[in-house]
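The values are calculated or read from the model by the stated rules, or taken from the named source; none is laboratory data. Note that the coordinates shown come from a computational prediction; the quantities given were computed from them, not determined experimentally. For neighbour counting, all protein chains shown are included, and Cβ atoms are generated from backbone atoms with ideal geometry for every residue, glycine included.
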Amino acid sequence: MAKRAIQTIREKNIVINNIIEMMLARSNFLICGHKSPDEDCIASMVAFAILLTKFDKFPQIYLPGSIPDNLQYLVKICKYNSIRIVSGTRRILNSIDAIVICDTPKPSMLELNPRIARMMKDDSIVRIEIDHHLGGDSDYIGMPEYSLVTAASSSSELVGYLALKLRTRKKLLNKYLISDPFSRNFVLAILTGILGDTQKGQFLKSRREKKFYDIFSGMYNTILERMTVRDTNFTNMEQIFEELQHLTEREVACFNYINERRRFSESIGYVILHEDDMDHLYREFDHEIITTVTKAIANTLAEKSGRLSLICFADQAGGEKLVQFRMRRGHLFRSFDLRDVLYILNIANGGGHEGAIGFRFPQNSIPDIDRYVEEMIPVIEDAVERAVKA
């Protein structure tokens, strides 16, 4: 059956709500695209994966072939957003419970290996589809109730539209400690796909397509102008992509600085960033780079420890001197609900969900951060052991 545009806003909202529900309910996502993927295919896969990491999910992107040099920045984005790319000899990890198919007109064009082909036939694995190819000899690949298949300039635009809908779900975003789904790297991926499929905006057809292009390009220019030290307005996309390369190099430096300070207890990989560390980081890097990198390191440490991670940092970005704590749980470790830490430590100023929490204290209440963390870790370790044995 040839793909057709979703007819009403109500139908589109139902599909989007179904997809969001699955993003929350499932944990291990495999993201696939078409053979010989182009800019929109790769960008929409990366953008959807970035959204999943914001909800502490484990996305893997299947890209077995070579990735064009001009899209290598998307690979770097994946590295610093804890997104695994399955390519070459790298195998798919864990038991996949959801497959996301991006920008693929029909089943015969889907990039598969024997394991993925078997998973595609398993109805216990949810199949989500994001695509803008309609009519002709197109055909649906995803499950109908999870197929955001409709008219758009690109599949990347549809991922951006999904994020715009997410942006209105304030309670949900607060639960997952998400200030805004539109981070720099997410918007960059969306724009990459739109520009790739429309020849840098030349072939935008409808008022709706032009509207979304203006929304996302406006967001990205605003983000970059706020984050860079250069007193420059970006007049074209080449300048934006050039600036991205510079910012990505800075992410590497930020990652290395923080990662050098990692430590491990029996169940927790952790980092403590003191006031002088944070002074250095804020002199060298902008707020979003620090946020992106600390989250990536938290995810990495949780997986390396096999259980939990803890990032502790002195923070005065908002004008108030605080000590901030972020904890994450390894995606295979389900025996402990991190919200119990808030109860055990009698913390009022904090929140989150079972897989990730955040909490904070005034700095003057914790004169010695190292000692506080050293005393906190055995208490958490003991609670973890009791939960594992229960």
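Observations on the structure shown:
- Residue-level check: of (1) over 19 Å from residue 177 (Cα atoms); (2) charged (D, E, K, R); (3) assigned to a helix (DSSP H, G or I), residue 263 misses just (3).
- Candidates in segment 292-310 are the residues that are in a helix (DSSP H, G or I) and free of Cβ contacts under 8 Å to residues at least 60 places away in the same chain; of these, the one that is farthest from the chain's Cα centre (by Cα) is 305.
- Within segment 160-179, tally of residues that are assigned to a helix (DSSP H, G or I), touching a residue at least 24 places away in the same chain (Cβ under 8 Å) and charged (D, E, K, R): 2
- Meets criteria (of a type in the set (A, V, I, L, M) and modelled with pLDDT of 95 or more) for residue 126: yes
- Filter pass, residue 81 being under 27 Å from residue 302 (Cα atoms) and either crowded, with 21+ Cβ neighbours inside 10 Å or among the charged types (D, E, K, R) (or both): yes
- With respect to the conditions (1) closer than 19 Å to residue 158 by Cβ; (2) touching a strand residue (DSSP E or B) at 6+ places or on another chain (Cβ under 9 Å); (3) at pLDDT 95 or above, residue 17 lacks only one, and its number is (2).
- Where residue 361 falls short, out of the listed (1) more than 28 Å from residue 25 (Cα to Cα); (2) touching a helix residue (DSSP H, G or I) at 6+ places or on another chain (Cβ under 9 Å); (3) in a loop (DSSP other than H, G, I, E, B): (3)
- Candidates in segment 91-114 are the residues that are of a type in the set (D, E, K, R) and under 25 Å from the mean Cα position of the chain (by Cα); of these, the one that is nearest to residue 26 (Cα to Cα) is 97.
- Residues of segment 275-298 classified as exposed (fewer than 15 other Cβ atoms within 10 Å of the Cβ) and either more than 25 Å from residue 84 (Cα to Cα) or acidic (Asp, Glu) (or both), total: 6
- Residue 271 passes every criterion in (1) surrounded by fewer than 22 Cβ atoms within 10 Å (Cβ to Cβ); (2) in contact with a strand residue (DSSP E or B) (Cβ under 7 Å, 6 or more places away or on another chain) apart from (1).
- Consider segment 130-145 and keep the residues that are over 14 Å from residue 102 (Cβ atoms) and free of Cβ contacts under 8 Å to residues at least 60 places away in the same chain. The one that is surrounded by the fewest Cβ atoms within 10 Å (Cβ to Cβ) is 144.
- Test result for residue 47, farther than 17 Å from residue 3 by Cβ, of a type in the set (A, V, I, L, M, F, W, C), assigned by TED's automatic domain parsing to the domain that holds residue 155 and surrounded by fewer than 19 Cβ atoms within 10 Å (Cβ to Cβ): no
- With respect to the conditions (1) part of a loop (DSSP other than H, G, I, E, B); (2) touching a strand residue (DSSP E or B) at 6+ places or on another chain (Cβ under 8 Å); (3) closer than 20 Å to residue 38 by Cβ; (4) among the aliphatic types (A, V, I, L, M), residue 130 lacks only one, and its number is (1).
- Residues located in segment 325-351, provided they are outside any loop (DSSP other than H, G, I, E, B) and at pLDDT below 90: 350, 351
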